[in-house]
Amino acid sequence: MCADPLSIPPAALREIAPHIARWLFDPSAAQPEILLRAGLSNDRAQVALALCERLFLKAPPLALSQAAVSAFEQLMERYFDAPAGRQMTYSLPYPKHEFLRYLTEHKHYLLHGSSNPDIDRLQPRPQSDWVGRPVNAVFAAGDGIWPLFFACISQAGWAGSLRNACLVVDTPDGKRARFYLFSINEQVLPHANWVNGMIYILRAEGFRPTAEGPARFDEWISEREAPIVARLPVSPADFPFLHSVTGHPEDEPVFETWLHYKTRLAAALS
């Protein structure tokens, strides 16, 4: 068996990438014969972890001091018990994404990021989930970094596609690894409008994940109105992957964007 899927030659990997994705994200699916012939392990988590390590960006470590935890708890006590939807003032010496990750990873809150800072009510609306299924829902993430992308990029007058991912993979030690991809239309990229935005903090009750299994998108939906617990203003400087957004040709298949993401990022940073 092949422990690392990317030891497969690039041309062959491009051919089987869609089959890998469908198999990884459908826990009920048997491993396709084409993947068996390629020598892939039948352990979904192992394959997903190997692919994500090579293709995507990994979440920075979250090692919070007791002082940080105490400060975050005090901030929650100040604003979360206040009238619903109150805008927070954040003056702590810790990055905002660490506070948001504390909320999602340790307190089970969900987040909704938007460049619109004046949302009073998050109500269901027609849209599509990560695999294109039509839903009438409110979207949120169980991740503290992914929503910052949506909060800090304005799509007003947008032309072209925006491709992004937040993947959670169960690891052999019982933990969860998080990986990201951020790519926008290559013609829009030089003129991308990065703006101040808002993170809307939500309780998880009433939401359900749109994916399950050992490798999944951290996307949640609710078919009911989602009460806003509190609002946190953010700026592009709060998004830790601001300089890791790449561009893709509009007619490029999504799997090609995934395969080329880190190569393009390395070229842009060189």
Open item on the list: Can you tell me which residue is nearest to the chain's Cα centre (by Cα) among those in region 233-244 that are closer than 21 Å to K58 by Cβ and surrounded by 21 or more Cβ atoms within 10 Å (Cβ to Cβ)?
Closed with: F239
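Looking at the structure I just gave you, is P253 surrounded by fewer than 16 Cβ atoms within 10 Å (Cβ to Cβ), at pLDDT below 95 and closer than 24 Å to V47 by Cβ? Show your work before the answer.
On the way: surrounded by fewer than 16 Cβ atoms within 10 Å (Cβ to Cβ): yes; at pLDDT below 95: yes; closer than 24 Å to V47 by Cβ: yes.
Yes.
Here is a yes/no grid of residues against (1) surrounded by fewer than 18 Cβ atoms within 10 Å (Cβ to Cβ); (2) under 30 Å from P83 (Cα atoms); (3) without any contact (Cβ under 8 Å) to a residue 12 or more places away in the chain:
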| residue | (1), (2), (3) |
| --- | --- |
| G174 | yes, no, yes |
| N196 | yes, yes, no |
| E205 | yes, yes, yes |
| R208 | yes, yes, no |
| W220 | no, yes, no |
| I228 | no, yes, no |
| R231 | no, yes, no |
| H248 | no, no, no |
Task: Whichever residue in region 143-167 is modelled with pLDDT under 95 and touching an Asp or Glu at 6+ places or on another chain (Cβ under 7 Å) and, among such residues, is farthest from P214 (Cα to Cα) - done: G160
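In contact with a strand residue (DSSP E or B) (Cβ under 7 Å, 6 or more places away or on another chain) and hydrophobic (A, V, I, L, M, F, W, C): does that describe F139? Break it down stepwise before answering.
Working: in contact with a strand residue (DSSP E or B) (Cβ under 7 Å, 6 or more places away or on another chain): yes; hydrophobic (A, V, I, L, M, F, W, C): yes.
Yes: the conditions hold for F139.
Conditions (1) without any contact (Cβ under 8 Å) to a residue 24 or more places away in the chain; (2) among the small types (G, A, S); (3) touching a Lys or Arg at 6+ places or on another chain (Cβ under 7 Å), marked per residue:
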residue	(1), (2), (3)
A21	no, yes, no
S28	yes, yes, no
L36	yes, no, no
D43	yes, no, no
A63	yes, yes, no
F72	no, no, no
P83	yes, no, no
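Rundown of residues vs (1) among the polar types (S, T, N, Q); (2) at pLDDT below 95, yes/no style:
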| residue | (1), (2) |
| --- | --- |
| K58 | no, no |
| V69 | no, no |
| F72 | no, no |
| M76 | no, no |
| P83 | no, yes |
| T89 | yes, no |
| P95 | no, no |
| G113 | no, no |
Task: Single condition I16 does not satisfy, out of (1) assigned to a loop (DSSP other than H, G, I, E, B); (2) surrounded by 15 or more Cβ atoms within 10 Å (Cβ to Cβ); (3) not aromatic (F, W, Y) - done: (1)
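Can W130 be described as surrounded by fewer than 22 Cβ atoms within 10 Å (Cβ to Cβ), touching an Asp or Glu at 6+ places or on another chain (Cβ under 6 Å) and on the phi < 0 side of the Ramachandran plot?
yes
The values are calculated or read from the model by the stated rules, or taken from the named source; none is laboratory data. Everything quoted here is computed from the prediction, not taken from an experiment. Here the Cβ is made from the backbone with ideal geometry for all residues, glycine too, and neighbour counts use every protein chain on show.
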